1. Taking a probe of 1.4 Å, how large is the accessible area per residue of segment 59-188, in Å²?
2. As a check on your grasp of the helix formula, calculate [θ] at 222 nm for the chain: sum -39500 (n - 2.57) over DSSP H runs of n ≥ 4, divide by the residue count, round to the nearest 500.
3. What distance in nm separates the simple spin-label points at ALA293 and LEU389, each placed 7 Å from Cα in the Cβ direction?
4. THR85's amide H: which non-local residues (gap 5+, or another chain) put their own amide H closer than 5 Å, with H modeled 1.01 Å from N in plane and none for Pro or chain starts?
5. Beyond a 19 Å Cα-Cα separation, which of these cross-linked pairs lie in this structure: LYS79/LYS171; LYS112/LYS157; LYS112/LYS316; LYS44/LYS91?
6. At a Cα cut-off below 20 Å, give the lysines reachable from LYS265, other chains included and same-chain residues fewer than 8 away excluded.
7. What span do the alpha-carbon atoms of the chain cover on each of the three principal axes, reported in whole Å from largest to smallest?
8. With all protein chains present and a 1.4 Å probe, how do TRP139, TRP248 order by accessible area, largest first?
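The values are calculated or read from the model by the stated rules, or taken from the named source; none is laboratory data. The structure presented is a predicted model; accordingly, all values stated were derived computationally and were not measured. Positions of Cβ are backbone-derived with ideal geometry, glycine not excepted, and every protein chain shown enters the neighbour counts. All accessible areas refer to the heavy atoms of the entire protein, side chains included, with ligands and DNA or RNA removed. Shrake-Rupley method; radii C 1.70, N 1.55, O 1.52, S 1.80 Å.
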Amino acid sequence: MWNSAFLKVLGLIGLLFLSLAAQAGGSATLDAIRKSGVLRVGVKTDFSPYNSLNAQGEVVGFESDIAALVAARLGVALKKVGITTENRFQKLELGDVDILIATVGDTPARRKIATAIEPGYNETSVNVLFRPRQAVDAWPKIRHETICAVQGSYFNKPMSERYLLELQTYKTVRDAHLALRDGQCSGFLYATAALFNTSQLPEWQGYTMPLPNALVTPMAIFISRNERGGELDLALGNIVAELHRTGWLLEANNKWGIASTSWLKAQQALWSDRGQDGLYKCVRNSSGNWIAACRSAENVSSAEVAGLQAVGLWVKEQLGVDLNFLYDPYDRTQFLQGIGYTMLLIAAGVVISLALGIAVAVAVDGRDGWGTRMLHAVMAYGRLTPPLLMMYLIFFGFGGWTMHEFDVKLPAFAVAAFCSGYYTAGMVMRALVEAANHVRTTEPGYRLRLKRLARTAQYASWPVKQALINLTKQTMIASAIAIPELLSASSLLIAEKGNIFLTMTVLLITFYLITSLWTRLFNYLEKAWLPAAERP
């Protein structure tokens, strides 16, 4: 018992010393660097133009320049330690390197095992370098394709889940290059800048990367997780912030021929912005962190922000419910944009349904002949053909032909709206014609015409309204032809955040609310228009 009590006392004393050390903001790593006079930086050697070996066997590149500048600012010599994508965090954890400047994307998962320096020094995104004659221009077109990749890349999992890729992973970029050239895969999934640099080499002529960039993520310097909030963390963050403000990073980026500059330009504007007092707006708060407005929404706490963002972060912190579209401005924009596209698509479908359904009903009611029978057949085809199948036939079938023969691409939104409206228009037409038949049981000479539409609509309002409500429910299938509506936006959140259950639950609730809103609108229009309509 005495031994147990003694150990508890020692433990409390140890915690006290650790607490005092944290408050003092010391850094064991920085002390060791100053003592040895050497900064050991983990760098990659196969990722040109960020880092690669020159003809003399020296490691050179954009990140080598950053490493040299950091060492100079700390007043020590620089030692570059070669690492790989697979072992870089192990090297950091084991103390073989002091810091990592190795094209490491700043992700939540990596922040759990190491400390990311804020701000990041550049951005990374993902693309695919295709073999000649195998390139495509849209990500969904490579679903189930065999794609080469490098083991340990953070984007392998989200990209394979999002686009159902069959990834064939290799230990090094060189191995992946060889596999691509040997035809083991149709493309190489990797960081955009490295792929672009490869595509410019003479031996890679014919290899292209026409896909839009995906998973744009800041790249950060990483240090040991025990150094979070310490002197080294603050010193490195201050250095990178200064490099943004002076434009040094943008100049170095251009020096090494890195094509992407928009992120660096935005960061330079952010970190060099000054208030009316002439001081920089991006400063550190009392806790040592940069203010929330200058950080990624994922990395701030609810206490640092206000409004809807604070609510979303508080729910995440206290309940473990990650409603990222509440606290993250970018994800919120994507989600709201998805809702906007969905509402617009529904509205377009409703207009097409009513206009086409009413026009054909007026044209065929009380008439006979080949033209009338043809119209009946056309509307029956629309009513009996599933909208999804119709979208595929028009967009990929007919649209593929027009693209191949005339280089004319069909607008996806218009195709989705037409197919959805055409399908429902057949139901609207049928309901109106049957309503007109009902009126003729008491008025034999009655014929459906536009001026008598209200009279007929009294008996057709229920099936027409139900058809329009069903139209609102089927809108999500438009994602099949890449309509950027709510399901597509939610799929992005799932792929990037891994929030499958929560996102799908919110999606279900959102579509219930959207359908309820349109149902109320249809009920209101029915009550407002029909009673006031002129009756014969």
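1. 41
2. -17500 deg cm²/dmol
3. For ALA293 paired with LEU389, the spin-label model returns 5.7 nm.
4. none
5. With Cα atoms farther than 19 Å apart: LYS79/LYS171.
6. LYS255, LYS281
7. 105, 63, 59
8. Ranking TRP139, TRP248 by accessible area, largest first, yields TRP248, TRP139.
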